[in-house]
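The values are calculated or read from the model by the stated rules, or taken from the named source; none is laboratory data. Here the structure is a predicted model, which means the values were calculated and not measured. In this analysis, Cβ positions are derived from the backbone assuming ideal geometry, glycine residues included, and neighbour counts consider all displayed protein chains. Ligands, DNA and RNA are excluded from the accessible area calculation, which covers all protein heavy atoms including side chains. Shrake-Rupley method; radii C 1.70, N 1.55, O 1.52, S 1.80 Å.
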Amino acid sequence: MKSGEGHDAVTSLDADVAVVVAYGGLIPADLLAVPRHGWINLHFSLLPRWRGAAPIQRAIMAGDEEAGACVFQLVESLDAGPVYRTMTVPIGPMTTAGELLDELAHTATPLVIEALEDIEAGVEPTPQSVEGVTIAPQIHPDDVRVTVTAAAQEIDNLVRGVSPTPGAWAELDGKRFKILRTRCLEAGDGVPSTVATAQPGQLVATRKQLFLGTGSQPLELLQVQAFGKRAMSGADWARGADIDAGTRLR
């Protein structure tokens, strides 16, 4: 549809307000003013933090302890408009982006109704703070390769932030595989000395678990997926991949 056709189509609706959900682009300036009360967007972040296409993923990758959703008015700049309604949810230590997006898809939709009621009542939205702005660009394959010298918590954040898709990845013997779930070790976790002393990138398999040496402490690999295969437990994958004491990721 050409720009002029889009303008005519929206104008013909004679709308009071236009609603979009998780819209990661910009509405052309000539369309923004067509509805009498403008456009509102349900966005899965706590604006002004994480403006852009992948707010939940970037929040988990950054180690944020909370995320959420808000309804704001669209303006010509990306995700910069004033906010009508906001809700906050905690990010658990095992929460993945897929799980959190699922949760918000079910729990955040009432915000749209509440924002529409605000508009009807003449409530003015709250301008965003000029401080605390962060950007959440689209996720690319190079963003999700595991750096084995990074700290365990940083790798865990990456894995959870891009699971189940696109999935953090590493290479073993030149073949790429995904790491879908991990767990940071806690105080009191009893692990063999071979696990505790694992070097960055070293894989250590026990009968029931698989660990990766990192730049800080070992990280348990709970679920992995070889290219073209189904996801499986780290221990099952390790048996098929014939992991031994010298096996190391790069």
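Look at P164 and say whether it is more than 14 Å from the chain's Cα centre (by Cα), open to solvent by 60 Å² or more (accessible area, probe 1.4 Å) and not β-branched (V, I, T). Walk me through it before giving the result.
On the way: more than 14 Å from the chain's Cα centre (by Cα): no; open to solvent by 60 Å² or more (accessible area, probe 1.4 Å): yes; not β-branched (V, I, T): yes.
Criteria not met by P164.
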**Asked** Is at least one residue of segment 138-151 surrounded by fewer than 12 Cβ atoms within 10 Å (Cβ to Cβ), part of a loop (DSSP other than H, G, I, E, B) and in contact (Cβ under 8 Å) with a residue 24 or more places away in the chain?
**Response** yes
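Tell me, which residue of segment 201-247 that is part of a helix (DSSP H, G or I) and either more than 17 Å from K175 (Cα to Cα) or touching a helix residue (DSSP H, G or I) at 6+ places or on another chain (Cβ under 7 Å) (or both) is least open to solvent (accessible area, probe 1.4 Å)?
This residue is A235.
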**Prompt:** Tell me, which strands (runs of 3 or more DSSP E) lie completely within segment 1-96 with 2 or more residues that are touching a Pro at 6+ places or on another chain (Cβ under 9 Å) and open to solvent by less than 70 Å² (accessible area, probe 1.4 Å)?
**Reply:** 39-43, 66-73, 83-90
**Message:** List pairs: first residue in segment 95-123 and over 25 Å from L158 (Cβ atoms) and in contact (Cβ under 8 Å) with a residue 60 or more places away in the chain, second residue open to solvent by less than 50 Å² (accessible area, probe 1.4 Å) and among the β-branched types (V, I, T) anywhere in the structure, Cβ distance under 7 angstrom, at least six positions apart or on different chains.
**Reply:** L111/V71; V112/V71; A115/I40; A115/V71; L116/V17; I119/V17
**Complete:** In the set L111, L180, L185, the lone residue that is of a type outside the set (K, R), open to solvent by less than 20 Å² (accessible area, probe 1.4 Å) and within 22 Å of T247 (Cβ to Cβ) is L180
